[in-house]
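This report concerns only the one structure given below.
The values are calculated or read from the model by the stated rules, or taken from the named source; none is laboratory data. For clarity, every value in this text was computed on a predicted model and none was experimentally measured. Please note that ligands, DNA and RNA were not included when accessible areas were found on the heavy atoms of the full protein model with its side chains. Shrake-Rupley method; radii C 1.70, N 1.55, O 1.52, S 1.80 Å.
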Amino acid sequence: MRHSQNFILARAPPGVIGDLRRLMRLVDLPHGKVLAESRQHIREVYFPHAGILSCVVQLEDGSTVETGMIGNDGVFGAGQAMDGKLSLHKVMVQVPGSATVVDADHLKAVAQSSSAFLALLVKYEQFFLGQVQQTTACNALHDIQQRMCKWLLRMYDLAGSELPLTQEFLAQMMGVRRTSVTSIATHMQEDGLISYRRGKLSILNIELVRQRACECHNA
């Protein structure tokens with residue numbers, strides 16, 4: 001079943017999927033779709049099968065910076081479903097894909113009836129918090145090329161080597177000028193790490209990307 005393509009659902013205790021199925025559906029995740037605005041009430045929980053969700057902080061001047069990615073190894077909205085139901089950040093589709101969607105109230109009821117499933121969701125929330133904290137340190141202490149390579153490693157893990165990614169979008173997510181990303185991307189192309197053409201970035205040598213990344217992805 002496609003639901004099992006999400007690692008959280010694949011690891012759910014027996015019976016949980018059956019309990020969720022009544023209000024579970026499959027949806028496409030087109031590029032650029034906004035799943036939540038900051039402080040928006042969350043009514044649905046997304047378990048991606050493919051693609052990447054980008055969690056970003058948007059400032060008053062319109063600038064943005066990405067704080068974390070969610071792919072088929074995670075879930076968006078489960079923590080909010082448990083308490084408060086307000087998204088703390090804007091969430092949008094960075095790489096198109098698909099997901100299982102569950103009504104937030106229904107997910108909460110199922111999680112409260114299964115301590116093992118609730119523990120699984122809590123563990124993921126702890127992982128995601130760790131990712132956000134690591135990103136904060138990374139943005140403050142590492143140079144742009146290290147940060148760019150770190151994001152490419154994460155995206156490679158979730159979506160493979162072919163990424164529909166514009167330099168403008170990457171600059172926005174990293175909170176830097178597009179000219180900085182363009183300069184670094186040019187050097188990385190010359191060195192054979194990536195190729196870039198018409199809004200598509202291809203990772204040609206993941207090991208070289210790994211060598212130039214900071215330690216944050218491994219952490």
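In the Gaussian network model of the chain, springs joining C-alpha atoms below 10 Å, which of GLY79, GLY51, GLY192 carries the largest mean-square fluctuation?
Between GLY79, GLY51, GLY192, it is GLY192 that shows the largest mean-square fluctuation.
Can you give the Kirkwood hydrodynamic radius for region 35-144, in Å, rounded to one decimal and based on Cα pairs?
14.6 Å
If contacts are Cα pairs under 8 angstrom and at least 6 residues apart, what is the relative contact order of the chain in percent?
Value for the chain: 22 percent.
In the structure shown, do any of LYS33/LYS150; LYS90/LYS150; LYS90/LYS200; LYS108/LYS200 have a Cα-Cα gap over 30 Å, and if so which?
Over 30 Å apart, Cα to Cα: LYS108/LYS200.
Got a number for carbon plus sulfur as a percent of the chain's accessible area, 1.4 Å probe?
Within the chain, the accessible surface is 50 percent carbon and sulfur.
Accessible area per residue of region 135-219 at 1.4 Å probe, in Å²?
51 Å²
How high is the relative contact order of region 1-86? Use alpha-carbon pairs under 8 Å, at least six apart in sequence, and give a whole percent.
In percent, rounded to a whole number, it is 33.
Using θ = phi - 60° and the Karplus relation 6.51 cos²θ - 1.76 cosθ + 1.60, list the HN-Hα couplings for region 29-34 in order, rounded to whole Hz, with x at every Gly or Pro.
Residue by residue, region 29-34 yields 10, x, 4, x, 5, 8 Hz.
Per residue, how much accessible area does region 1-115 have with a 1.4 Å probe, in Å²?
Using a 1.4 Å probe on heavy atoms only, each residue of region 1-115 averages 46 Å².
So if I take the centroid of the Cα atoms in region 108-142 and the same for region 28-43, what is the distance between those two points in Å?
For region 108-142 versus region 28-43, the Cα centre distance is 19 Å.
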